[in-house]
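The structure under discussion appears below in the form of structure tokens.
The values are calculated or read from the model by the stated rules, or taken from the named source; none is laboratory data. Bear in mind that the values here come from a model prediction, so they are computed numbers and not experimental data. Here Cβ is always computed from backbone atoms with ideal geometry, including for glycine, and neighbour counts include all displayed protein chains. For the accessible areas, the whole protein counts, side chains as well, though only heavy atoms, and no ligand, DNA or RNA atoms are used. Shrake-Rupley method; radii C 1.70, N 1.55, O 1.52, S 1.80 Å.
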Amino acid sequence: MLRVLAVDDEEPALEELLYLLRADPRIRSAEGATGATEALRRIGGAVDAGPEDPSAIDVVFLDIHMAGLTGLDVAQLLAGFAAPPLIVFVTAHEGFAVHAFDLKAVDYVLKPVRRERLAEAVRRVAEQVGERSASVTDAAADQIAVELGGVIRFVPVEDIAYAEAQGDYARLHTAAGSHLVRIPLTTLEERWRSRGFVRIHRRHLVALSRIDELRLDAGSMSVRIGEAELAVSRRHTRALRDLLMRQGGR
């Protein structure tokens, strides 16, 4: 199911395109933008929020001739993003097709837009999104994307000792330092449960293999991971002790 942003500075053309897109059962959502500036703002926010956010955009159906920045300008700017949405150009002009495909456009649809031709463009997009999702899923099992100085890098999950909740974000702690990611701790808990991570507190998710010591003091429990000492909440104390006992008995 695709999440779409359609961009055209002519409102009747935009409304017609949105009508056709929303009628396609492969489209989860289709929103419109009436210019390049608005489109870039919304795409930038969606990319920053990540693919799991409700504002995420899989593909942009993009007019070429617009006031101010053209669709080709927008596509060139998106090429600098770490994980930009796919692009389908929708235009009344045939002469830009070569340039459009040089910009890695998935398709080039001529106006007036025919339902059958648009359905073919959606099919091509769905195919590429599926391939991209499969690749991302495979990579996500072993690593997580973090931003360092405007550059996206991938940190192996096995390097992470524990994660700390910070509102809707989580701070990942490794031997080399820490990284802030816009993913709630509950999401990481579900994603990494099978990789040996366990919740010990509402604020902390830890890798069992990285626990150096389990400490008991006046009925309170804590764990030491490197130089950090993390409290274990009463709610999680028994489960953690049982897990460590089973792990130690292997």
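When residue 69 is tested against (1) closer than 23 Å to residue 19 by Cα; (2) in a loop (DSSP other than H, G, I, E, B); (3) of a type in the set (A, V, I, L, M), only condition (1) is not met.
Looking only at region 70-89, how many residues end up being farther than 20 Å from residue 111 by Cα, open to solvent by 40 Å² or more (accessible area, probe 1.4 Å), of a type outside the set (S, T, N, Q) and at pLDDT 90 or above?
So the first thing to find is which residues in region 70-89 are farther than 20 Å from residue 111 by Cα, and the list is 76-85.
Add one more test, that the residue is open to solvent by 40 Å² or more (accessible area, probe 1.4 Å), and what stays is 76-77, 79-83.
In the following step, the residues that additionally are of a type outside the set (S, T, N, Q) were identified as 77, 79-83.
Pick out the ones that are also at pLDDT 90 or above and you get 77.
Going through region 70-89 one residue at a time, the tally reaches 1.
Looking across region 163-186, just one residue is touching a residue at least 40 places away in the same chain (Cβ under 8 Å) and either part of a helix (DSSP H, G or I) or surrounded by fewer than 14 Cβ atoms within 10 Å (Cβ to Cβ) (or both), and that is 175.
Of everything in region 1-16 that is in contact with a Leu (Cβ under 9 Å, 6 or more places away or on another chain) and closer than 13 Å to residue 71 by Cβ, the residue that is surrounded by the fewest Cβ atoms within 10 Å (Cβ to Cβ) is 5. Checked against (1) without any contact (Cβ under 8 Å) to a residue 12 or more places away in the chain; (2) of a type in the set (Ser, Thr, Tyr); (3) outside any helix (DSSP H, G or I), residue 19 meets all criteria but (3).
Conditions (1) over 17 Å from the mean Cα position of the chain (by Cα); (2) among the β-branched types (Val, Ile, Thr); (3) open to solvent by 40 Å² or more (accessible area, probe 1.4 Å), marked per residue:
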site	(1), (2), (3)
124	yes, no, yes
142	no, no, yes
149	yes, no, yes
160	yes, yes, no
192	no, no, no
197	yes, no, no
215	yes, no, yes
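Filter region 24-69 down to residues that are within 15 Å of residue 84 (Cβ to Cβ), out of contact with any Leu (no Cβ under 7 Å at 6 or more places or on another chain) and crowded, with 19+ Cβ neighbours inside 10 Å, then give me how many there are. Result for region 24-69: 3. Can you tell me which residue is most open to solvent (accessible area, probe 1.4 Å) among those in region 217-250 that are in a loop (DSSP other than H, G, I, E, B) and within 20 Å of residue 173 (Cβ to Cβ)? Looking at the filtered set, the residue picked out is 227.
Give 92, 97 a once-over and let me know the one that is among the aliphatic types (A, V, I, L, M), open to solvent by less than 70 Å² (accessible area, probe 1.4 Å) and over 17 Å from residue 7 (Cα atoms). Break it down into steps so the answer makes sense when it comes.
On the way: 92 fails: over 17 Å from residue 7 (Cα atoms).
97 is the lone residue from the list that is among the aliphatic types (A, V, I, L, M), open to solvent by less than 70 Å² (accessible area, probe 1.4 Å) and over 17 Å from residue 7 (Cα atoms).
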